[in-house]
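The values are calculated or read from the model by the stated rules, or taken from the named source; none is laboratory data. Quantities reported herein were computed from a predicted structural model and do not represent experimental measurements. Positions of Cβ are backbone-derived with ideal geometry, glycine not excepted, and every protein chain shown enters the neighbour counts.
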Amino acid sequence: MAIKSDRWIRRMAQEQGMISPFNDRQVREGVISYGVSSYGYDLRVADEFKIFTNVNSAIVDPKNFDERSFVNVQGPFVLIPPNSFALARSVEYFKIPRDVLTICVGKSTYARCGIIVNVTPFEPEWEGFVTLEISNSTPLPAKIYSNEGLCQILFFQGDEPCETSYKDKAGKYQKQTGIVLPKL
């Protein structure tokens, strides 16, 4: 298994539609960077957010998720309350090849502000908009900017295609279009 370079990412995005919309260079001027980097792709966060709230005294239960746990926010930025959590989605739509697995890591600009981004791997043949998990680990409100970089995707190509892909097993998060809450 090998990590893939900017040249490979550009080729796969252009020839196979792996990332759409796609920025073939790193956009940095006046924004938190996004687009192709040396060995990855910095994805952007869209302007839709779901922020955890305790207003309704709901319980967070992954087997029976209560949508009243969130407040919906849309705009050019969002403020995540201290020691709180939000869900968002990527601007980009991904189509992962059968012999590729991705890992997502947070961008250092946000990490240095106490913002932790967690995204599970994109499995072979998964496709959709990415549901992004954003934690504010600080005792202060944290500002997240819409349509700017939030995290970096690293692409690993296997020596051979996997036997069973995410598409083959009809994964429950396949082709997601918005912020998708936990499913059982």
Determine if the range 54-69 includes at least one residue that is in contact (Cβ under 8 Å) with a residue 40 or more places away in the chain, surrounded by fewer than 21 Cβ atoms within 10 Å (Cβ to Cβ) and outside any loop (DSSP other than H, G, I, E, B). yes
List the strands (runs of 3 or more DSSP E) that sit entirely inside the range 83-154 and contain at least 2 residues that are over 16 Å from Val31 (Cβ atoms). 84-95, 100-106, 115-118, 127-136
In the range 38-50, what residues are surrounded by 11 or more Cβ atoms within 10 Å (Cβ to Cβ) and either at pLDDT below 95 or assigned to a loop (DSSP other than H, G, I, E, B) (or both)? Tyr39
Could you list, ordered by first residue, the pairs with Cβ atoms under 7 Å in which the first is in the range 166-184 and closer than 20 Å to Asp99 by Cα and among the basic types (Lys, Arg) and the second is part of a loop (DSSP other than H, G, I, E, B) and modelled with pLDDT of 95 or more, at least 6 apart or interchain? Lys167/Glu125; Lys167/Gln174
Within the range 82-125, can you find the residues that are under 13 Å from Ile51 (Cα atoms), modelled with pLDDT under 95 and surrounded by 15 or more Cβ atoms within 10 Å (Cβ to Cβ)? Ser84, Phe85
Would you pick out the residues in the range 11-27 that are part of a loop (DSSP other than H, G, I, E, B) and either on the phi < 0 side of the Ramachandran plot or of a type in the set (Asp, Glu) (or both)? Met18, Pro21, Phe22, Asn23, Asp24, Arg25, Gln26
Here are some conditions: (1) farther than 23 Å from Gly106 by Cβ; (2) at pLDDT 95 or above; (3) of a type outside the set (Asp, Glu). Ser57 meets all but one. Which one does it not meet? (2)
Among the residues of the range 154-167, is there at least one that is within 13 Å of the chain's Cα centre (by Cα) and closer than 21 Å to Phe52 by Cα? no
Out of (1) closer than 13 Å to Phe155 by Cβ; (2) in a loop (DSSP other than H, G, I, E, B), what's the single condition that is false for Gly30? (1)
